1. Counting only pairs 8 or more residues apart or on different chains, how many lysine pairs in chain A have their Cα atoms under 24 Å apart?
2. So how far, in whole Å, is the C-alpha centre of the stretch A:89-150 from the one of the stretch B:1-43?
3. Rounded to two decimals, what is the ratio between the C-alpha radius of gyration of the protein assembly as shown and 2.2 N^0.38 Å?
4. For A:138, B:207, B:119, what ranking results if the residue with the fewest other Cβ atoms within 10 Å of its Cβ goes first?
5. Please give the per residue volume of the convex hull enclosing the alpha carbon atoms of the stretch B:69-187, rounded to a whole number of Å³.
6. By how many degrees, between 0 and 90 and to the nearest 10, does the Cα long axis of helix B:49-78 differ from the longest principal axis of chain B?
7. Quick check: the angle from helix B:5-21's long axis to the longest principal axis of chain B, C-alpha only, nearest 10 degrees?
8. Provide an ascending nm list, one decimal, of label-point separations from residue B:139 to the equivalent residue in each further copy; define each label point as 7 Å from Cα along Cα→Cβ.
Protein chains: 2
Amino acid sequence: MGQTDTVTRILDTAEVLFAERGFAETSLRHITSKAKVNLAAVNYHFGSKKSLIQAVFARYLDPFTERFHAALDELEARYAGGVIPLEELLETMARTVLEVPAERNSLKVFMRLLGLAYSQAQGHLRRYIQSEYGSVFSRFTELVRRATPDLPDAERFWRLHFMLGTVIFTLSGLDALRDIAEKDYGEHVSVRDLVRRLRPVVVAAMSAPLPEAAIPAAEAS
Amino acid sequence: MGQTDTVTRILDTAEVLFAERGFAETSLRHITSKAKVNLAAVNYHFGSKKSLIQAVFARYLDPFTERFHAALDELEARYAGGVIPLEELLETMARTVLEVPAERNSLKVFMRLLGLAYSQAQGHLRRYIQSEYGSVFSRFTELVRRATPDLPDAERFWRLHFMLGTVIFTLSGLDALRDIAEKDYGEHVSVRDLVRRLRPVVVAAMSAPLPEAAIPAAEAS
DNA sequence: TTATATTTGAAACAGCTGTTTATCATCAGG
DNA sequence: CCTGATGATAAACAGCTGTTTCAAATATAA
């Protein structure tokens with residue numbers, strides 16, 4: 001039982017329980033007992049529950065941002081100076097998202113955590129993720145901007161978040177949806193299947209016609 | 001201070017706090033103190049915290065299902081026997097969703113609650129909503145099926161959930177997104193604006209080309 | 001080895017959780 | 001008036017929460 005073994009076991013157990021039940025609903029005692037680790041170990045190694053939550057995210061997001069930056073570097077080099085097509089950008093992001101947790105075969109956990117990060121109150125989490133990993137997202141959106149020059153900035157902003165919602169919602173609730181789909185359509189759906197289905201939808205959504213001009217609300221409607 | 005005034009004040013306060021902080025993070029004491037109501041009143045009138053949560057949803061979903069059924073009745077009558085176009089179906093759903101909470105100008109709360117219902121663990125909530133309000137959704141999807149006869153059943157199932165994710169994710173995280181959009185693009189976004197932007201995206205997503213056929217995973221990839 | 005730091009362990013801490021109990025006020029119908 | 005039911009109130013309940021404390025164990029370095 002090495003020195004950092006305790007840390008790893010806490011993280012491994014915590015991420016699963018967090019993904020299953022949320023942050024507030026998961027107690028440190030639940031984590032430590034399931035991880036067969038002393039209760040005080042969490043506060044000793046991580047300082048607080050909040051820091052533990054952030055550490056769980058960092059273990060996914062650190063390698064993700066590293067790989068994603070590298071992949072974007074490679075992409076920019078390949079299209080030296082030119083514009084990277086939207087499909088390539090989306091494809092690269094999808095590939096990176098799939099790669100990272102594959103090392104611990106836990107894409108489901110990763111996606112569920114991302115969903116929780118957005119939906120749970122936990123203001124500290126959103127702030128932490130934004131300040132720590134916001135720059136990769138900015139770089140990506142800037143490349144998307146160049147790939148979709150006809151889209152007004154605000155429209156692109158909203159559509160990117162529409163698609164973020166699609167992906168996170170679907171993949172974080174994947175187990176429940178998969179059960180229904182399997183029962184109703186007798187079809188087993190893998191994550192790669194889902195990504196395959198997502199691709200044309202996302203592309204179509206991003207290149208949809210612009211909405212009709214806003215109608216200024218009448219004084220008395 | 002009438003007889004059911006306490007009940008209403010509990011519900012009004014609870015829905016706001018639940019929407020802001022989630023269910024587990026909102027204590028009964030927080031609700032009752034802010035509602036200026038005795039702590040025991042919750043258990044007296046609702047029985048338990050779980051039942052209070054369900055009551056909060058029922059106050060939105062009961063009028064919603066009633067109006068939505070009525071709207072679909074009217075729509076089916078108008079297209080007597082024929083197929084209702086997809087745009088009409090989406091339009092009707094959007095209108096009904098917007099109408100219901102408008103009476104208490106709290107669409108944001110309504111959407112946030114829906115988002116929580118999906119993302120929070122709270123298994124009892126999903127089961128409650130499914131068993132109590134699942135039939136409206138079934139009726140709607142059946143009409144969508146007739147409106148999109150070329151779409152394979154499984155594909156339509158997934159795309160509907162993609163779009164559900166888009167809407168719930170966007171509208172439930174609306175405040176945060178709106179702040180960013182306003183800061184970056186100096187543009188104030190109303191909910192009706194957002195619905196206007198959503199329309200072409202949803203239509204395009206539902207009518208996107210089918211994904212390329214699945215590639216059976218090679219034995220050794 | 002001894003000395004020093006790092007990591008575990010069991011127990012206790014104060015505070016908050018949902019729920020229950022028992023007492024009190026209010027108001028209806030007889 | 002009295003009676004009985006309904007609702008409000010304060011207090012207590014047992015249980016769980018994150019965190020701290022301090023002693024024991026272990027590893028590291030000299």
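A short reminder: the numbers here are calculations on the coordinates, not readings from a lab. Worth saying up front: this structure is predicted, and the values here are computed from it rather than measured. Cβ sites come from the backbone with ideal geometry, for glycine too, and all protein chains shown count toward neighbours.
1. 9
2. Centre-to-centre (Cα) distance: 36 Å.
3. Details: Rg = 23.0 Å, N = 442, 2.2 N^0.38 = 22.3 Å.
Normalised Rg, Cα atoms only: 1.03.
4. Working: A:138 9, B:207 15, B:119 23.
Lowest count first: A:138, B:207, B:119.
5. Working: hull volume 17.5 nm³, N = 119.
Expressed per residue, the convex hull around the Cα atoms of the stretch B:69-187 is 147 Å³.
6. The answer is roughly 40 degrees.
7. It works out to around 50 degrees.
8. 5.2
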